[in-house]
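Engineer: Take this structure, written in structure tokens, and hold onto it; I'll ask about it next.
What follows is calculated from the coordinates using simple rules that are stated; it is not laboratory data. As the structure is a prediction and not an experimental result, all values here were calculated from the model. Cβ atoms come from the backbone with ideal geometry, glycine included; neighbour counts cover every protein chain shown.
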């Protein structure tokens with residue numbers, strides 16, 4: 001943890017609003033990117049970010065200084081994003097998408113006009129079925145094992161593995177269509 005983060009953390013634990021604002025400003029960009037990866041749209045990501053930081057400030061006393069402070073915040077934000085996915089209509093849906101053709105129109109046209117590859121990739125990922133996107137995020141980006149994903153989402157290890165394979169194929173298909181377009 002940097003000296004700046006230690007200072008801000010100590011002041012946040014003392015309830016200083018300015019320090020809380022500094023903490024939020026310091027981490028909001030990275031954490032919003034995390035929320036976007038799990039959400040279907042920007043407003044959902046904004047809600048997860050806001051709820052996540054409320055939880056961060058409420059639970060700061062639980063951070064014991066073991067490991068990365070940013071990693072701790074990230075885990076809180078991911079957990080909030082997953083809770084929000086479960087609350088949405090239909091909850092987490094795990095798809096069986098065989099014999100489905102994906103067309104270029106499956107992705108928002110604005111994706112193809114953007115210069116920033118990361119933003120375009122997030123928009124493509126938001127077009128993925130929720131189960132695919134969630135397992136892909138947890139496995140690839142959060143480095144969860146299939147057992148951890150199984151425990152977190154209440155699915156079998158086999159379902160986690162199959163969703164990851166289908167997610168990769170789905171995303172590959174979308175990317176190929178994007179590049180061909």
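Engineer: So how long is each side of segment 3-87 along the principal axes, counting just the alpha-carbon atoms, biggest first, in Å?
Structural biologist: Principal axes ranked by extent give 35, 24, 18 Å for the Cα atoms.
Engineer: Okay, moving on. Residue 70 to residue 13: FRET efficiency via 1/(1 + (r/R0)^6), r the Cβ-Cβ distance, R0 22 Å, to the nearest 0.05?
Structural biologist: The calculated FRET efficiency here is 0.85.
Engineer: Provide the gained length on full extension for the span residue 6 to residue 21, in nm with one decimal, where the gain is 0.36 nm per separating residue minus the Cα-Cα distance.
Structural biologist: That works out to 3.9 nm of additional length.
Engineer: Also: Could you give the length gained by full extension between residue 28 and residue 83, i.e. 0.36 nm per residue of separation minus their alpha carbon distance, to one decimal place? Walk me through the numbers on the way to the answer.
Structural biologist: On the way: separation 55, 0.36 × 55 = 19.80 nm, distance 1.90 nm.
Once the chain is fully extended between residue 28 and residue 83, it gains 17.9 nm.
Engineer: Describe numerically, in nm with one decimal, the distance between label points set 7 Å from Cα along Cα→Cβ at residue 145 and at residue 58.
Structural biologist: Computed distance between label sites residue 145 and residue 58 equals 3.1 nm.
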